[in-house]
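The values are calculated or read from the model by the stated rules, or taken from the named source; none is laboratory data. Given the structure is predicted, the values throughout are model-derived calculations rather than measurements. For neighbour counting, all protein chains shown are included, and Cβ atoms are generated from backbone atoms with ideal geometry for every residue, glycine included.
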């Protein structure tokens, strides 16, 4: 019996969220009297794989097969389910990101498991197995009971702290027993976002709304983001107007984020927007309208002109 | 080619969320129901593909009671050719996918929204693909038909890709798949009344998850205001009080 974690790496280096997932799985394993097996897909050096042990993995399955580079959902799901079966996994943990959302439903069907996506905490009970997730796009939480022997969950970003445990892991090559017929995805083109902090990884997010007035006024926010190592985001009208890419849209129909610090510049705070950002630990709002609903969701606020405040903040951060 | 668009019936996105029965069920009193926003974009893209040629029929499908029919009629008014309603209250994602698997077998392309805006399951499209043995791509922000294959744009964690993939395919779509959802025109609304809405009996299956209770987020403390001329104070507060800088 084990808890299986699907880890993600970026050019051979694990993303921080992979360590979060392992820490989270280790906490579940402790309660269930079980151990953590991490699955790593792709070329990752052994000393990088060993880092997973530092967060509580006692075993690492290493799947090195170039065909998985296409992230073919069908083939990858087959591989994860095979790993879960091999390890006798009772719980399979994915990140609640693009890949986790793509694989978890398929894997849950293969394992005849119950799936809960977007969980935000450890299970509140193990028998029955009850776990908390976000519903109504951040406007509420639900406690969901899983009535199946095997549980598949996707963990929301930033909902569990890293816990370093030390220790070492047995690294084992894993053969997923897939054949060429399982792979039907051909990648023609990949555009990686480089030199920018990914919105899903960002601990600080700088976001702008209609109050930025046009697509030409974002230099200051980008400079601030660079200084803080922050990710860039925007509200729906901004992406609808084409001022920024729709990949930066946060809110009910865009991305749901949960950074430590969220700056809302010139965002009024419609209920749909707040749904996407309300899980942020600290929200700072800068808006000229003192009645803007964003101030009800914010922890800190400035009523004022964003174009006056931004340069002052840049100077202030530089002086830190 | 035949396209199936999955339609979820969800509360309007401006709904103030409340619960009843000691926080065990969603309070739907006075709630306006709409097509799930991502499903609406999926349907719009299906219409665009049909207009470009090569698509014979667009069907929309929903699992739900008769009360969900206005939402299916709206989808017909936007332009779908016919509709299927599996006549059973929707339970969890597994239950819904199992029901849809019975009616979705014969389609070349199935479009599913990446999640429904109520329970945020991110599940039905992928589960359905697995049950049918179809290929699937998630986080799809563009799709076109290219001979016997599909050309698909998808978002990955840290970038985007252009793929080519064979059908039958479940494309799990997100923002970007279509620019703006289409609004039904009067002619479409009139025509929708005459389009077939087929009611299908449910198959016997069991859900794997159940909603034990709900919680609303803890109310926030009042926002601490900082003067516009004194942004240094904001930085100090974020650094020393909130400890996030």
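What the table shows:
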read-out: Helices (runs of 4 or more DSSP H) enclosed by region A:1-116 - at least 1 residues per element that are more than 10 Å from chain B (Cβ to nearest Cβ), over 29 Å from residue A:258 (Cα atoms) and within 20 Å of the chain's Cα centre (by Cα); value: none
read-out: Within region A:119-138, considering residues that are buried (at least 22 other Cβ atoms within 10 Å of the Cβ) and within 7 Å of another protein chain (Cβ to nearest Cβ), the one farthest from residue B:215 (Cα to Cα); value: A:137
read-out: Only one of B:96, B:86, B:55, B:78 that is more than 25 Å from residue A:273 (Cβ to Cβ), free of Cβ contacts under 8 Å to residues at least 40 places away in the same chain, in contact with a strand residue (DSSP E or B) (Cβ under 9 Å, 6 or more places away or on another chain) and crowded, with 19+ Cβ neighbours inside 10 Å; value: B:96
read-out: Entirely in region B:185-245, the strands (runs of 3 or more DSSP E) that have 1 or more residues that are under 30 Å from residue B:101 (Cα atoms); value: B:197-200, B:209-215
read-out: Matching residues, region A:245-288, being in contact with a strand residue (DSSP E or B) (Cβ under 9 Å, 6 or more places away or on another chain), within 7 Å of another protein chain (Cβ to nearest Cβ), closer than 17 Å to residue A:299 by Cα and assigned to a loop (DSSP other than H, G, I, E, B); value: A:260, A:281
read-out: Some residue of region A:63-78 being free of Cβ contacts under 8 Å to residues at least 40 places away in the same chain and buried (at least 21 other Cβ atoms within 10 Å of the Cβ); value: yes
read-out: Yes/no for residue B:142 being at pLDDT 95 or above and facing chain A (nearest Cβ under 8 Å); value: no
read-out: Pair list, Cβ under 9 Å, 6 or more apart: region B:219-245 residue more than 9 Å from every other protein chain (Cβ to nearest Cβ) and without any contact (Cβ under 8 Å) to a residue 12 or more places away in the chain, other residue surrounded by fewer than 15 Cβ atoms within 10 Å (Cβ to Cβ) and not in a helix (DSSP H, G or I); value: B:233/B:227
read-out: Residue that is farther than 28 Å from residue A:11 by Cα and modelled with pLDDT under 95, where the choices are B:149, B:175, B:105, B:179; value: B:179
read-out: Residue check, residue B:128 more than 7 Å from chain A (Cβ to nearest Cβ), surrounded by fewer than 24 Cβ atoms within 10 Å (Cβ to Cβ) and in contact with a helix residue (DSSP H, G or I) (Cβ under 9 Å, 6 or more places away or on another chain); value: no
read-out: Qualifying positions in region A:199-223 - surrounded by fewer than 19 Cβ atoms within 10 Å (Cβ to Cβ), closer than 24 Å to residue A:318 by Cβ and without any contact (Cβ under 8 Å) to a residue 40 or more places away in the chain; value: A:216, A:219, A:222
read-out: Which numbered condition residue A:293 fails, given (1) farther than 26 Å from residue B:155 by Cβ; (2) surrounded by fewer than 20 Cβ atoms within 10 Å (Cβ to Cβ); (3) out of contact with any helix residue (DSSP H, G or I) (no Cβ under 8 Å at 6 or more places or on another chain); (4) touching a residue at least 24 places away in the same chain (Cβ under 8 Å); value: (3)
read-out: Which numbered condition residue B:175 fails, given (1) facing chain A (nearest Cβ under 8 Å); (2) touching a residue at least 12 places away in the same chain (Cβ under 8 Å); (3) outside any loop (DSSP other than H, G, I, E, B); value: (3)
read-out: Checking residue A:148 against (1) part of a loop (DSSP other than H, G, I, E, B); (2) surrounded by fewer than 18 Cβ atoms within 10 Å (Cβ to Cβ); (3) over 25 Å from the mean Cα position of the chain (by Cα); (4) within 11 Å of chain B (Cβ to nearest Cβ), the condition it does not meet; value: (2)
read-out: Filtered residue count, region B:90-125, keeping only those that are within 13 Å of chain A (Cβ to nearest Cβ) and touching a helix residue (DSSP H, G or I) at 6+ places or on another chain (Cβ under 9 Å); value: 19
